[in-house]
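Encoded as structure tokens, the structure appears first; notes follow it.
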Amino acid sequence: MAEHLLEIHGLHVEYVTDEEEIIHAVNGLDLTLDKGQNLGLVGETGAGKTTLALSILHLLPKKVGRITQGQIHLDGVDITNATEEDMRLLRGSTVSMIFQDPMTSLNPVLPVGEQITEVIALHRKDLTKSEVEDRLDDLLKMVGIPPERKHDYPHQFSGGMKQRIVIAIALACEPKLLLADEPTTALDVTIQAQVLELMRELKEQIDTAMVLITHDLGVVAENCDHVAIMYAGEIIEMGTVTDIFEQDRHHPYTVGLFGAIPDMTKEERRLHPIGGLMADPANLPKGCKFAPRCPQCTERCEREPPVIYTRSGHSIRCHLFDERGEPADG
Amino acid sequence: MADTILEVRNLKKYFPTSAGLLHAVDDVSFTLERGTTLGVVGESGCGKSTLGRVVLRLLEATSGQVLFEGQDVMQLGKQQMRMMRRRMQMIFQDPYASINPRMSVSEIIADPLKVNRLCKSRAEMDERVHELMDTVGLSERFVSSYPHELDGGRRQRIGIARSLAVNPEFIVCDEPVSALDVSIQAQILNLMMDLQEQMGLTYIFITHDMSVVKHISNEIMVMYMGKCVEKTSSKELFANPLHPYTVALLDAIPVPNCSRRGKPRRVLSGEVTNPIEPKPGCRFAPRCPYATEACTSGDIPLREVSPSHYVACVLK
């Protein structure tokens with residue numbers, strides 16, 4: 001039990017809108033992550049990826065979002081009902097998050113150096129002022145920013161550099177778990193390559209586990225060991241990168257996702273989009289949530305939600321695969 | 001055989017800033033054949049959107065010519081320009097920001113018809129709106145919906161229907177699928193290619209996504225800090241990229257399979273800086289691993305190194 005760094009069981013998260021409508025953002029999600037592991041969490045807009053990360057940190061919008069069922073264990077401690085005070089001690093030290101948009105996740109009126117030392121000073125009360133300053137310089141060097149720029153404000157940095165500063169803040173206390181929510185989506189490809197390279201190096205140095213949230217399958221293939229694919233608040237397929245990228249047993253949604261990306265190696269005129277739209281989280285299908293868009297949908301899929309079928313660590317939530325994880329007949 | 005619809009000659013667009021002149025588009029020339037697609041790729045700030053806007057004269061060029069079927073768009077009077085706009089249209093990046101949230105779907109699509117007085121009666125206009133919605137794959141039931149009720153993909157379909165309303169021949173598409181999820185992106189790309197085939201449309205397709213641009217373009221132009229650094233057919237560019245920047249750009253794309261795992265990537269150092277009063281020579285030189293003195297000593301022209309393959313690099 002205690003060997004897993006993060007353990008999530010049957011997590012349900014809901015948002016309540018002004019019209020009292022209930023949005024089912026995360027629906028019975030199970031996830032475990034070990035120390036130092038590297039998980040890519042893939043899905044399209046509205047799949048519930050960010051909601052999952054915010055639930056772990058207890059950062060769901062107050063009064064609107066809430067965890068209705070399930071447990072979250074972090075580093076052996078049940079944090080499902082942790083108080084705000086407890087969470088403050090964990091955030092930044094045990095678990096930290098990198099947000100998508102570096103332009104909005106930094107405080108525009110504080111020099112970047114102060115924003116980094118804030119985290120260190122809060123969690124490392126044992127350090128003296130000059131030790132904190134030294135740590136700041138080390139961190140800036142680590143992410144490739146000259147320490148003499150610590151007195152500059154966010155607007156004086158480019159997008160890529162701002163994201164480096166956000167990374168420095170997230171890693172300031174060497175957290176055991178890093179949640180990176182689309183950390184490079186707002187960046188150009190050559191800068192994305194730089195930032196991902198940096199994150200890979202740092203991760204190795206401080207042995208942090210990471211959940212990399214992204215919609216880009218390419219980013220996952222190169223940076224993660226394990227992959228979870230989310231659809232409508234559920235993980236519909238999970239396995240190692242080899243399982244997902246090299247094997248041919250897949251959830252129909254995963255197949256659709258791969259089919260929709262223009263293949264750089266092939267000459268093909270038409271793309272193969274997934275028909276229809278993302279399931280409406282206020283009004284989810286009764287059976288399999290992907291059923292209305294699935295080309296292989298059967299009557300059973302519309303009626304009963306599939307359970308997870310696992311074979312040698314590769315799990316798929318689909319009726320096409322029976323208990324042993326083999327494609328079912330008929 | 002060649003039916004040239006658009007010819008751009010030495011186009012420049014400089015913006016005055018407090019720090020000096022910003023060379024957003026600096027001496028770009030190309031020709032575009034009817035019914036084909038020119039992909040314009042580059043990273044943010046390379047001038048690709050400015051280029052699109054200057055070609056449509058949404059921004060006035062600093063100098064240079066844009067010849068649409070031999071007629072210089074820059075010299076047209078107000079009335080002539082209004083007529084010209086029916087023939088050249090634009091599709092914008094952000095379907096959330098480029099349509100009026102207070103107008104219904106039918107009002108948005110009918111707007112260009114009204115402005116250009118293209119329909120004689122209300123009934124004719126309604127019919128045309130329905131026809132356009134059908135063309136772009138928008139179900140009739142959305143006719144009185146408002147943009148906020150629709151998802152990004154459908155909103156982009158509205159944007160496309162609006163630009164098609166005036167029966168244009170040429171459309172500048174500025175990152176039309178960047179704001180969309182991959183499964184929806186594929187739907188819109190298919191739609192745009194179908195429309196091109198059916199109506200013989202000519203596109204300038206501006207994007208930062210190399211896999212999208214490869215898919216949709218006949219020819220590709222790579223831009224860096226306002227300059228065209230390489231231009232050739234889509235096939236040739238991906239098979240045989242010559243400019244070090246193009247190579248780096250292609251190299252930086254994460255590929256969705258395991259082939260690149262564990263292999264160190266040659267990461268380009270440095271970042272794009274503002275092209276304010278740029279120094280002579282290659283603008284990529286400060287980041288280029290092969291840069292020599294020759295690169296910064298003088299301007300480097302675009303040269304044809306093999307048939308229809310143009311590169312601006314001293315090494316090639």
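The values are calculated or read from the model by the stated rules, or taken from the named source; none is laboratory data. What you see is a predicted model, and the numbers here were worked out from it, not measured in a lab. Positions of Cβ are generated from backbone atoms using ideal geometry, with glycine treated the same way; all protein chains shown enter the neighbour counts. With ligands, DNA and RNA removed, areas are computed over all heavy atoms of the protein, side chains included. Shrake-Rupley method; radii C 1.70, N 1.55, O 1.52, S 1.80 Å.
B:Asn10 meets the conditions (1) outside any loop (DSSP other than H, G, I, E, B); (2) of a type outside the set (Asp, Glu); (3) surrounded by 16 or more Cβ atoms within 10 Å (Cβ to Cβ); (4) in contact with a strand residue (DSSP E or B) (Cβ under 7 Å, 6 or more places away or on another chain) in every case but one. The failed one is (3). Kindly indicate whether B:Ile216 is buried (at least 21 other Cβ atoms within 10 Å of the Cβ), under 30 Å from B:Val255 (Cβ atoms), hydrophobic (A, V, I, L, M, F, W, C) and away from chain A (no Cβ under 14 Å). Answer is no for this residue. Of all residues in the range B:288-316, those that are open to solvent by 90 Å² or more (accessible area, probe 1.4 Å) have Cβ atoms under 7 Å from Cβ atoms of residues that are assigned to a helix (DSSP H, G or I) and not charged (D, E, K, R), 6 or more apart or on another chain, in B:Pro289/B:Pro244; B:Tyr290/B:Pro244. Checking every residue in the range B:249-256 against the condition of being touching a residue at least 60 places away in the same chain (Cβ under 8 Å) and either out of contact with any His (no Cβ under 6 Å at 6 or more places or on another chain) or at the interface with chain A (Cβ under 9 Å from one of its Cβ atoms) (or both) gives at least one match.
None of B:Ser163, B:Ser98, B:Ser144, B:Ser63 is more than 29 Å from B:Thr36 (Cβ to Cβ) and either polar (S, T, N, Q) or in contact (Cβ under 8 Å) with a residue 40 or more places away in the chain (or both) except B:Ser144. Within the range A:210-219, being farther than 18 Å from A:Thr32 by Cα and more than 8 Å from every other protein chain (Cβ to nearest Cβ) holds for one residue alone: A:Thr214. When the range A:255-279 is limited to residues that are under 30 Å from A:Thr17 (Cβ atoms) and under 21 Å from the mean Cα position of the chain (by Cα), the one that is farthest from the other protein chains (Cβ to nearest Cβ) turns out to be A:Ala279. Of the set (1) at pLDDT 85 or above; (2) surrounded by fewer than 18 Cβ atoms within 10 Å (Cβ to Cβ); (3) more than 30 Å from B:Gly45 (Cα to Cα), all apply to A:Gly276 but (1).
Selection of first residues in the range B:28-39 that are within 18 Å of B:Cys228 (Cα to Cα) and among the β-branched types (Val, Ile, Thr) and of second residues that are open to solvent by less than 10 Å² (accessible area, probe 1.4 Å) and at pLDDT below 95, restricted to Cβ pairs under 6 Å at least 6 apart or on distinct chains, gives the following pairs, ordered by first then second residue: B:Thr37/B:Ile216.
Filtered by the rule that a residue be of a type outside the set (Val, Ile, Thr) and within 8 Å of chain A (Cβ to nearest Cβ), the range B:260-289 gives B:Arg260, B:Arg261, B:Arg265, B:Leu268, B:Ser269, B:Glu271.
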